[in-house]
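Only one structure is covered here, and it is reproduced in the block below.
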């Protein structure tokens, strides 16, 4: 096993759980004298950061959504450059639930395995996968950890996570474990169909449950710090209100850090939206068209009816939310939905040691490119010396990386 010289930890985090786990990996790595960097997905440039070397390890830390990986993480994995020598490890944080004195472990499902399989297709050498328990933060559906219970629980998880990280850094594979069996055999594979439905429909539906109550001051913090740029401020009158777009991933950052506690997920609104979007509107529209246009009658079958119903679901979902957002300007209307959602009773959770600036900080362009170039060159020389092959490439390009100041 080749010794590691550099570890890049790619992190996707909404409320700080995954960022905390990524920092644990960074601390463990630096404790062994290995260079490590945590890179948020928002500022990641893997084609430049990952040298195609045996001495490079890419780690992916991200939350679990719908018993699988978030759509943003899936897209990022598919966008990764091809590498034949880089090693990879995937860790999915999963939300544990606390009921009195008892704590139920979270369920990462297929989250880590799915990203690992995509990386395998890209040529990466896998070192394993794992699920990491952290306090649940899915505040739009159920109550999370309290501010008193979260810190001691996170501290307990830290020791277990670092033990796994040390194993990975030592070159030992991490596949066979009770944690992975729990995720895959109990949750992931049996509920793979549910994960597929979540990615196709559920994430859009959940995104359209968010709204701002009358307590909203229009400060725009939620829109400014959204990792997916999925919130825009709409309205002609002050205060302008946040509007959640279709690419919202329900990361809970907006709800966790709203200074006015004005962000809610409407449970009563969810019931109405469910009734509207599940009506057989597509089938009805298709039958009406078939009655008017004879050639469409020949195309009417189960498949076309299914496609029509799917189209109706998306159209009714987005149109209903647009109407709902406008009506929220009516004070009594807004107050009704604010008082008929359970989220107003839930504590707002974010990782206790993480601030809003921590999860939204982006790597600046002013970083020392000369130092970056020297590290890459050192890895290239080490790899060439070990393999006696002078033609090892350090990037997808046909020539070595050079800092901007050295480019013609």
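Every number in this text was worked out from the coordinates using simple rules, so none of it is lab data. From a predicted model like this one, the values you see are computed outputs, not experimental measurements. Cβ atoms come from the backbone with ideal geometry, glycine included; neighbour counts cover every protein chain shown.
Side notes on the structure shown:
- Rounded to 10°, Cα long-axis angle of helix 17-31 versus longest principal axis of the chain: 0
- GNM result for the chain, Cα springs below 10 Å: residue of 40, 239, 105 fluctuating most strongly: 239
- Average projected area [Cα convex hull, the chain], square nanometres: 25.2
- D by Stokes-Einstein for segment 196-345, Kirkwood Rh over Cα pairs, 37 °C, 0.692 mPa s: 196 µm²/s.
- Inter-label distance for residue 326 and residue 295, nm, one decimal - labels placed 7 Å from Cα along Cα-to-Cβ: 3.5
- Distance between the modelled labels on residue 201 and residue 303, one decimal in nanometres: 2.0 nm (7 Å Cα→Cβ projection).
- Mean separation of Cα pairs under 8 Å and 6 or more residues apart, divided by the residue count, gives the chain a relative contact order of 17 percent.
- On Cα atoms only, tilt of 111-121 relative to the major axis of the chain in degrees: 60
- Of the residues 326, 240, the one with the fewest other Cβ atoms within 10 Å heads the list, and the complete ranking is 326, 240.
- Residue with peak Gaussian network fluctuation, the chain [Cα springs, cutoff 10 Å], from 116, 215, 69: 215
- DSSP-defined antiparallel bridges as percent of all bridges, the chain, nearest 5: 25
- A quarter of the convex hull surface defined by the alpha-carbon atoms of segment 61-163 gives 7.0 nm² as the mean projection.
- Extension reserve of the residue 274-residue 3 stretch, reckoned as 0.36 nm per residue once the Cα distance is removed: 92.2 nm
- Based on alpha carbons, the Rg and Dmax found for segment 104-217 are 17.3, 54 Å.
- Relative contact order of segment 101-187, taken over Cα pairs closer than 8 Å and 6 or more residues apart, is 41 percent.
- Residue 214-residue 141 FRET efficiency (beta carbon distance; Förster radius 22 Å; 0.05 resolution): 0.40
- As a size descriptor, the averaged projected area of the C-alpha convex hull of segment 1-89 was calculated at 5.9 nm².
- Computed [θ] at 222 nm, helices only, for the chain once each DSSP H run of length n ≥ 4 contributes -39500 (n - 2.57): -12000 deg cm²/dmol
- Mean-position separation - Cα centroids, segment 179-229 and segment 298-347, in angstrom: 16
- Virtual spin-label span in nm between residue 30 and residue 101, 7 Å along Cα→Cβ: 4.0
- Each residue in 35, 309, 183 was given a count of other beta-carbon atoms within 10 angstrom of its own, and listing them fewest first yields 35, 309, 183.
- Remark: 300, 264, 224 ranked as 224, 300, 264, counting other beta-carbon atoms within 10 Å and listing the fewest first.
- Angle in degrees between helix 267-277 and the longest Cα principal axis of the chain, rounded to the nearest 10: 80
- Segment 196-345: relative contact order as a whole-number percent, Cα under 8 Å and 6+ apart: 26
- Largest mean-square fluctuation among 210, 318, 62, in a Gaussian network model of the chain whose springs join Cα atoms under 10 Å apart, belongs to 318.
- Pairwise FRET efficiency - residue 82 versus residue 172, Cβ, R0 = 25 Å, nearest 0.05: 0.45
- Segment 230-266 and segment 21-83: distance between their alpha carbon centers, rounded to Å: 28
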